[in-house]
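Structure first, then comments.
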There are 2 protein chains.
Amino acid sequence: MKVVVDGEEKDMWALWYDDDTDEVVFIDQRKLPHRFEIYRAKDYSAVAFAIKDMVVRGAPAIGAAAAFGMAQAMVQGRKFEEVAKIIAATRPTANDLFFAIDFMRQSMAKGKEPTTAADEFVRGIVDRCRRIGENGAPLIEDGMRILTHCNAGALATVDYGTALAPMRVAHKQGKKIFVFVDETRPRLQGAKLTAWELRMEGIDHALIADNAAGHYMRTGEIDLVITGTDRVTASGDFANKIGTYEKAVVARANDIPFYVAAPISTFDFSIKSGSEIPIEERGPEEVLVVEGNSIAPEGTPVRNPAFDVTPGEYVKAFITEDGVFPPDGLKKMEW
Amino acid sequence: MKVVVDGEEKDMWALWYDDDTDEVVFIDQRKLPHRFEIYRAKDYSAVAFAIKDMVVRGAPAIGAAAAFGMAQAMVQGRKFEEVAKIIAATRPTANDLFFAIDFMRQSMAKGKEPTTAADEFVRGIVDRCRRIGENGAPLIEDGMRILTHCNAGALATVDYGTALAPMRVAHKQGKKIFVFVDETRPRLQGAKLTAWELRMEGIDHALIADNAAGHYMRTGEIDLVITGTDRVTASGDFANKIGTYEKAVVARANDIPFYVAAPISTFDFSIKSGSEIPIEERGPEEVLVVEGNSIAPEGTPVRNPAFDVTPGEYVKAFITEDGVFPPDGLKKMEW
């Protein structure tokens, strides 16, 4: 992703391995969007802290952190399983953590050089996102105005992003695009991260309250919606950040195509439909307290679902690294 | 409305005239929800300040403030037109201001006692809201879970509210109800005001991010939606706080009845459809800054429509002081 630091333009990943110092280096996402800071993890315990404290977030980026962290631990002469246990415990619901650790375990068993193995793992993530961008870019015509929700960007996926990848590629192809960025309450990932990424990339955009998306769909100012997803079922029902379902319903009411960008690893055909996806309800503070200030009467009861499920019927197509598939074409995908 | 102050339960208006001191007295809405404070306006300039600085907000409540302020000015021996000019300039887009001043002007011309005239004006507002409550309450069955958006409550209308009036009446009738309160970004009137009113009233509720409303509609946890409105056209298209349109579209997708509560004075049959309603775009700060803290990169472009228009086809019925009317029954209303 493009990052402008002190007026200088750089091409940067969300995190990387510094071969000179054997440090895992992160864009510190806790400090965004107000400060751009680099967090250098000198050993596996610092990597574990970075994952736990959300220096890095987003499932693929967390996987990359685990791979780099395991490689660093090997270079520094640690015992694989001891470190693996600590890294795996940082975000116990993040499957990408376990997947990355398994990949590194198998690579070590095959006698691969640790940093080479981690590099291969992370380049795989980046390559898939790049291909999502290339497959999705043809859907974006010159002059189109696109709505996105939450942050499915490079910060979450090391580079390119999923939902943002087609926009990045279209922009690089010289298409003039405009992005409406949902602020994405309660955690404001749109305002904090997506707005920052688009600004760095030089892509025209405007931040809106989540409530305003429908208005711009109705008044004809949005041509296309692209979001990411956490999980897609066999029927095309998918889970994503809370609010996605509303945008999909309103998009269809206004005949606006709704696309979901995700790597093949996000598709779980062992689940038949969205009703089987459990929805995590998180604590009340995310809703009650914004940037340290309470916005409601003390003790106000809150309900705070982190995700919602959107039925596959609302999806025009899924944009993957292997192509663009409508929901009823999912069975044609190769696994 | 019920207000609990220092453990003591009171029945209170959002503002009133103190006959002993000739002060106009307000619940200071700038301080809610964290502090309950009373603002006492000793003369017309303090009343003007209260309107301008949003000690009081909501069109009917602003009208009431103007009526009380004009009465106070008369009692204190001021010149009607001089004071009227100052009060009218406080919120130049609020029609209720001009309407209240006109009412007082005509009452003075008829030789009415000023505080009696203001009292009559404000009791008219309260009475209409009470009747909206009585007409709407039968739509709410015991055990129902209701979604509301923004604050169409007693704070905005002196007492009862519009959208909240049927809930207050149903609750007083002993029906067990539960209210999902949209926080209502960007200005958070749901979190700050509606949550406070429901808490005072003892009505079960939960605050949600605006994004979560669709999720609860889809999962069958919302039986009914009731909102207020700023303006209804001849076709039933109506303007209300940004985000209302999304809720209406998602409600219909889930076969959930969507009601709009408003006094007859809100219906403007000189306007044929919603496309004739201009949408005010407000400044970027409301979106960029929450309770004094910036949530996005400095200089992020923002679009901030204050209202949206919902087509009449999404409305099950309008709840008014004169009855409950489906959109195609509006022409049967008496004007």
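The values are calculated or read from the model by the stated rules, or taken from the named source; none is laboratory data. These figures come from a predicted structure and were not determined experimentally. So basically every Cβ, Gly included, is an ideal-geometry build from the backbone, and we count neighbours across all protein chains shown.
Miscellaneous remarks
- Filtered residues of region B:247-262 (kept if outside any loop (DSSP other than H, G, I, E, B) and hydrophobic (A, V, I, L, M, F, W, C)): B:Ala248, B:Val249, B:Val250, B:Ala251, B:Ala253, B:Phe258, B:Val260, B:Ala261
- Enumeration of residues in region A:94-126 that are modelled with pLDDT under 95 and more than 17 Å from the chain's Cα centre (by Cα): A:Phe98
- Residue list for region B:1-58, restricted to those being of a type in the set (Asp, Glu) and either assigned to a strand (DSSP E or B) or more than 19 Å from the chain's Cα centre (by Cα) (or both): B:Asp6, B:Glu8, B:Glu9, B:Asp11, B:Asp18, B:Asp19, B:Asp20, B:Asp22, B:Glu23, B:Glu37, B:Asp43
- Enumeration of residues in region A:127-166 that are under 12 Å from the mean Cα position of the chain (by Cα) and either on the phi > 0 side of the Ramachandran plot or in a helix (DSSP H, G or I) (or both): A:Cys129, A:Cys150, A:Ala154, A:Leu155, A:Ala156, A:Thr157, A:Val158, A:Tyr160, A:Gly161, A:Leu164, A:Ala165
- A:Thr219 meets all of the listed conditions (1) among the polar types (S, T, N, Q); (2) within 11 Å of another protein chain (Cβ to nearest Cβ); (3) within 20 Å of A:Asp328 (Cβ to Cβ) but one, namely (3).
- Among the residues of this structure, A:Thr162 counts as one that is buried (at least 24 other Cβ atoms within 10 Å of the Cβ), touching a Pro at 6+ places or on another chain (Cβ under 9 Å) and more than 11 Å from every other protein chain (Cβ to nearest Cβ).
- One residue from B:Ala248, B:Ala253, B:Ala306, B:Ala317 being away from chain A (no Cβ under 12 Å), crowded, with 16+ Cβ neighbours inside 10 Å, closer than 26 Å to B:Ile222 by Cα and of a type in the set (A, V, I, L, M, F, W, C): B:Ala317
- Any hit, region A:227-245, residues being hydrophobic (A, V, I, L, M, F, W, C), closer than 26 Å to A:Tyr160 by Cβ and at the interface with chain B (Cβ under 9 Å from one of its Cβ atoms): yes
- Cβ separations smaller than 7 Å between residues 6+ apart or across chains give the following pairs from region B:20-36 residues that are closer than 12 Å to B:Ala65 by Cβ and surrounded by 15 or more Cβ atoms within 10 Å (Cβ to Cβ) to residues that are at pLDDT below 95 and not β-branched (Val, Ile, Thr): B:Gln29/B:Met54; B:Gln29/B:Arg57.
- Residue selection: B:Ala212 satisfies the criterion of being at the interface with another protein chain (Cβ under 7 Å from one of its Cβ atoms), in contact with a Phe, Trp or Tyr (Cβ under 9 Å, 6 or more places away or on another chain) and aliphatic (A, V, I, L, M).
- In region B:125-147, residue surrounded by the most Cβ atoms within 10 Å (Cβ to Cβ) [restricted to those that are among the aliphatic types (A, V, I, L, M) and closer than 14 Å to B:Gly174 by Cβ]: B:Ile140
- Selection count, region B:183-202, where residues are touching a Ser or Thr at 6+ places or on another chain (Cβ under 6 Å) and touching a residue at least 60 places away in the same chain (Cβ under 8 Å): 1
- The number of residues in region B:208-246 being among the aliphatic types (A, V, I, L, M) and in a helix (DSSP H, G or I) comes to 3.
- Residue, nearest to the other protein chains (Cβ to nearest Cβ), within region A:271-289, restricted to residues that are farther than 22 Å from A:Ala163 by Cβ and either buried (at least 21 other Cβ atoms within 10 Å of the Cβ) or among the hydroxyl-bearing types (Ser, Thr, Tyr) (or both): A:Val287
- Tally of residues being surrounded by fewer than 21 Cβ atoms within 10 Å (Cβ to Cβ) and within 25 Å of B:Pro186 (Cβ to Cβ) across region B:232-245: 0
- Residue ID - nearest to A:Asp11 (Cα to Cα), chosen from residues in region A:167-196 that are facing another protein chain (nearest Cβ under 10 Å) and in a helix (DSSP H, G or I): A:Trp196
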